[in-house]
1. Is one or more of the residues making up the range A:204-212 over 27 Å from A:ALA15 (Cβ atoms), modelled with pLDDT of 90 or more and among the basic types (Lys, Arg)?
2. Looking at (1) at pLDDT below 95; (2) within 16 Å of DNA strand C (Cβ to nearest atom), which is the only condition A:HIS72 fails?
3. Could you tell me which numbered condition A:CYS246 fails, if it satisfies all but one of (1) free of Cβ contacts under 8 Å to residues at least 12 places away in the same chain; (2) more than 16 Å from DNA strand B (Cβ to nearest atom)?
4. Looking only at the range A:153-164, which residues are assigned to a loop (DSSP other than H, G, I, E, B) and either within 11 Å of DNA strand C (Cβ to nearest atom) or surrounded by 24 or more Cβ atoms within 10 Å (Cβ to Cβ) (or both)?
5. Could you please let me know if A:ARG63 is within 16 Å of DNA strand C (Cβ to nearest atom), in a strand (DSSP E or B) and surrounded by 14 or more Cβ atoms within 10 Å (Cβ to Cβ)?
6. Scan the range A:133-156 and report the pairs whose first residue is touching a residue at least 12 places away in the same chain (Cβ under 8 Å) and whose second residue is of a type in the set (Lys, Arg) and surrounded by 14 or more Cβ atoms within 10 Å (Cβ to Cβ), with Cβ atoms within less than 8 Å and a gap of 6+ or a chain change.
7. Only one of (1) among the hydrophobic types (A, V, I, L, M, F, W, C); (2) free of Cβ contacts under 8 Å to residues at least 12 places away in the same chain; (3) crowded, with 19+ Cβ neighbours inside 10 Å is not met by A:PHE129, so which one is it?
8. Examine the range A:13-29 for a residue that is surrounded by fewer than 17 Cβ atoms within 10 Å (Cβ to Cβ) and under 15 Å from A:ASN107 (Cα atoms), and state whether such a residue exists.
Amino acid sequence: MPELPEVETIVRGLALELQDVVVQHVIIRQHQLRWPIPDNLSATLNQQKVCRIHRRGKYLLMRFERGTLIIHLGMSGHLRIVSKTADLKPHDHVDIIFSEQQILRYNDPRRFGTILWTQDEPEKHRLLFSLGVEPLSTAFTDQYLLQKAKKRHVAIKPFIMNNQVVVGVGNIYATEALFKANIHPATPVNHLTIEHVQRLIATIKDTLQLAISKGGTTLKDFFNAEGKPGYFKQQLMVYGREGLPCFQCTKPLQKIWLGQRNSVYCKHCQPPMFAPVTRHII
DNA sequence: CAGCGCCCCTGCCCGC
DNA sequence: TGCGGGCAGGGGCGCT
């Protein structure tokens, strides 16, 4: 579900709602997420005040007085503010209760998400310390990406989806940004010219920023903290449009499997920039 | 050490 | 209508 624009949308919503509120109580109905939720989380959070809500990559960080709650939504996680009277739904795994009107409810059908606590600076946490640059920061430049691509042979799509290179670019936005930059998703990174890299940086930033301005992408079940969908889906040029005509050249869009993920592209607008890979059969 | 595959889990859609 | 297979917006980890 969530890529960077969706997490950013949720962070902004929660930051408005939960600044300086105090935890009254925590209910954990299901401990088993990607890693178990700490047993003592309720005791740890009790009576602590929310100091700041921000994010690093797709990790949502809730800073309290004595530490930070690290939340990741995985593929199917949701965070909503609900009131005490809201119906309990399947997979409502955690409630952080601030008041009768302010319950932060975590729902995650697939349980690929994460809720962990750290007393240290969250940047030092094992899940965060080796993360790459933020794509919307000034640190994400052509020189940075070229440096990272040195001695690498991976295809550009899994490369920009690698969190150690740049954070927050998932399958939807990687697919869209490569289309807008006219770069074939299977191009080996060492075949890219500086012009390609410059174009790609620009289209990644543009795509993410536009998506944030639309409140994220709702494919079927993304909703922000107020339960409202995002409207970036209407802007998708290629993602999910396999076999349909390219909006630029009207030729049917293609699908390939790259880095354990599906990728849609236009073979006319994103021509291959490399010799075909020959593979031994049997 | 780069790169690939596996795996954590449920829901949903498709074809038979 | 029921069921098995495949696929899904993520990403850490272990193996080669």
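1. Filtering the range A:204-212 down to residues over 27 Å from A:ALA15 (Cβ atoms) leaves none.
The answer is no; no qualifying residue exists.
2. (1)
3. In the conditions (1) free of Cβ contacts under 8 Å to residues at least 12 places away in the same chain; (2) more than 16 Å from DNA strand B (Cβ to nearest atom), A:CYS246 misses (1) alone.
4. Looking only at the range A:153-164, we keep the residues that are assigned to a loop (DSSP other than H, G, I, E, B), and these are A:153-154, A:161-164.
Those that are assigned to a loop (DSSP other than H, G, I, E, B) and either within 11 Å of DNA strand C (Cβ to nearest atom) or surrounded by 24 or more Cβ atoms within 10 Å (Cβ to Cβ) (or both): A:MET161, A:ASN162, A:ASN163, A:GLN164.
5. On the way: within 16 Å of DNA strand C (Cβ to nearest atom): no; in a strand (DSSP E or B): yes; surrounded by 14 or more Cβ atoms within 10 Å (Cβ to Cβ): yes.
No: the conditions fail for A:ARG63.
6. Sorted first by the residue in the range A:133-156, then by its partner, the pairs are A:GLU134/A:ARG56; A:PRO135/A:LYS205; A:LEU136/A:LYS205; A:PHE140/A:LYS205.
7. It is condition (3) that A:PHE129 fails.
8. Scanning the range A:13-29, I find at least one residue that is surrounded by fewer than 17 Cβ atoms within 10 Å (Cβ to Cβ) and under 15 Å from A:ASN107 (Cα atoms), so the answer is yes.
The values are calculated or read from the model by the stated rules, or taken from the named source; none is laboratory data. Note that this is a predicted model, so its numbers are computed, not measured. Cβ atoms come from the backbone with ideal geometry, glycine included; neighbour counts cover every protein chain shown.
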